[in-house]
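Report on one structure; see the data block that follows.
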Amino acid sequence: MTIEALDRDRVRELFDLRNSFVSFIGGSFEDDPYPIWRALREQAPVHEGIVHELTGVQDQLFFHGLPEADRPHFSAFSFAACDDAYRNAAVFSSSFDPVDLSGSRYDLLNSMLSMNGQQHRRYRSLVQPSFVPAKAQWWIQNWIEQTVQLLIDSIADEGRAELNVDFCAAIPVLTITGSFGVPVERALDIRAALQTPHEVIEIIAPIVEDRRKNPRDDLISVLAHAEMTDEEGVTHTLTDPEIYSFALLLLGAGSGTTWKQMGITLAALLQRPEVLAAVHADRSLLRPAIEESLRWMPTDPMFSRFVTQDIDFHGAHIPEGSVLHICLGAANRDPARWEQPDEYDITREMKPTLAFGGGPHICLGMHVARAEMTVGINALLDRLPNLRLDPDAEPPRFIGMYERGATAIPVVFG
């Protein structure tokens, strides 16, 4: 792998939090939504309406479950309500429509993301073993460690850097595309083509064909040789369309969220030099620092579920056919569960959060994401002495509605 093959200007363009695609999910939102979410949560655990509209955003935004203008909408803000919604997958479903992977429709909403029940369990079980905690070292040794070290090599002698896009954004996209056997020079083509899935398939189809004949120690080989038993009890390997569906989901998720969460974590630490110094001196504190960032500011603060039957839910009557928006960002700051929840405090008792969702659809790649953040931040602390925010540059801010992240993170070191 050679990082020189990575066009940094193109990385900045593709991972700009305010680019044209991100604008559809509220990328231009620059206010702090948490005071409003706190007030909404104090008024009631569940409100009629959509999260962004209740927050004061009048633009029509797109996200899972949106737009669904002809349906009633409700939003949950308390931890108890959001947790209950995730746990009750029979009532709060990932999709009203069945998922059919046999055709030529390729998008994230026609994938495992929208499957329910037995279908979801069958498909998820095929890739789950590659994403369990015990498999983290497979990811680290094969892709993450090398990527991180090469990225730092490219900035270590410069004395300054912009870490959010030039470092954080590059790690997950190179990790997931590397696990697919995609060369570095095509990694950004994959990222750019995620909104036009057939272009992604053109890149990965030859790799799938090769791995069927010549399996390697990578994720495409896992998919190409996975066997699944269908409803009739017949066991078969995945078809090409089934593999393409998996690939699009994993590529989209793998390159689109972890970089923002790593940036949030780094910005939170750099804005608190005494906390950064403590983590530098005692690396066992890095895990609670990462977990606290996931609680304090999850990069995806809302997901949606479709209501399959009438239900009285935490004080609200929600009719069948509605959409429930789970504001996990607000839930993760519920004072009923955490003291002083608006504070970023790495010494607080760690409790499970909803940062990676919950229930049967809990984030498949959460352990890989944690590994990427851990390896990346540890390496920065190891190799960039006296790492600190650049006093002559604009400090990072947190922006975005349905995908939150830090703006540029300019640092100096040495």
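FYI, it's all coordinate maths here, none of it is from the lab. Everything quoted here is computed from the prediction, not taken from an experiment. With ideal geometry, Cβ positions are generated from the backbone for all residues, glycine too; neighbour counts draw on all protein chains shown.
Taking only the alpha-carbon positions of the stretch 322-398 and ignoring solvent, what does the Debye formula give for the base-10 log of I(q)/I(0) at q = 0.11 Å⁻¹?
So the normalised log intensities work out to -0.49.
Find the centroid of the Cα atoms in the stretch 78-121 and in the stretch 245-306, then give the distance between the two in whole Å.
Between the Cα centre of the stretch 78-121 and that of the stretch 245-306, the gap is 24 Å.
Can you give the extra length, in nm with one decimal, that the chain gains between residue 312 and residue 343 once fully stretched, where that is 0.36 nm per residue apart less the Cα-Cα distance?
Extra length from residue 312 to residue 343 when fully extended: 7.9 nm.
Rank the residues 351, 260 as a footprinting-exposure proxy: fewest other Cβ atoms within 10 Å of their Cβ go first.
351, 260
Which residue, 177, 299, 374, has the most motion in a Gaussian network model of the chain that connects Cα atoms within less than 10 Å?
In this elastic network of the chain, the residue with the biggest mean-square fluctuation among 177, 299, 374 is 374.
Out of 249, 313, 387, whose Cα points farthest toward the positive end of the dipole of the chain (charges: +1 Lys, Arg; -1 Asp, Glu; placed on Cβ)?
387
For the stretch 72-153, just say rounded, prolate or oblate: build the C-alpha gyration tensor, square-root its eigenvalues into a ≥ b ≥ c, call rounded for a/c under 1.5, and beyond that prolate if a/b exceeds b/c, oblate if not.
Here the stretch 72-153 falls in the prolate category.
Residue 96 label point, 7 Å along Cα→Cβ, cut-off 14 Å on backbone N: hits in the stretch 51-65?
65
For the modelled label position 7 Å from the Cα of residue 283 along Cα-to-Cβ, which residues of the stretch 373-413 have backbone nitrogen atoms closer than 14 Å?
373-384
Once you have a ≥ b ≥ c as the square roots of the Cα gyration tensor eigenvalues for the chain, tell me rounded if a/c is under 1.5, and otherwise prolate or oblate according to whether a/b is larger than b/c.
Oblate shape, in that a/c is at least 1.5 and b/c is the bigger or equal ratio.
What length, rounded to one decimal in nm, is gained on full extension from residue 232 through to residue 195, with 0.36 nm per residue of separation minus their alpha-carbon distance?
Length gained between residue 232 and residue 195: 9.9 nm.
How would you classify the stretch 374-414 from its alpha-carbon gyration tensor, with a ≥ b ≥ c the square roots of the eigenvalues: rounded for a/c under 1.5, else prolate if a/b is greater than b/c, otherwise oblate?
oblate
Can you give me the distance in nm between label points at residue 157 and residue 239, each placed 7 Å from the Cα along the Cα-to-Cβ direction?
5.4
Relative contact order, percent, of the chain when contacts are C-alpha pairs under 8 Å separated by at least 6 residues?
28
Along each principal axis of its Cα atoms, how long is the stretch 58-202 end to end? Whole angstroms, biggest number first, please.
56, 38, 33
Stretch residue 205-residue 392 to full length: gain in nm at 0.36 nm per residue minus the Cα-Cα span?
Contour length minus Cα-Cα distance gives 62.6 nm.
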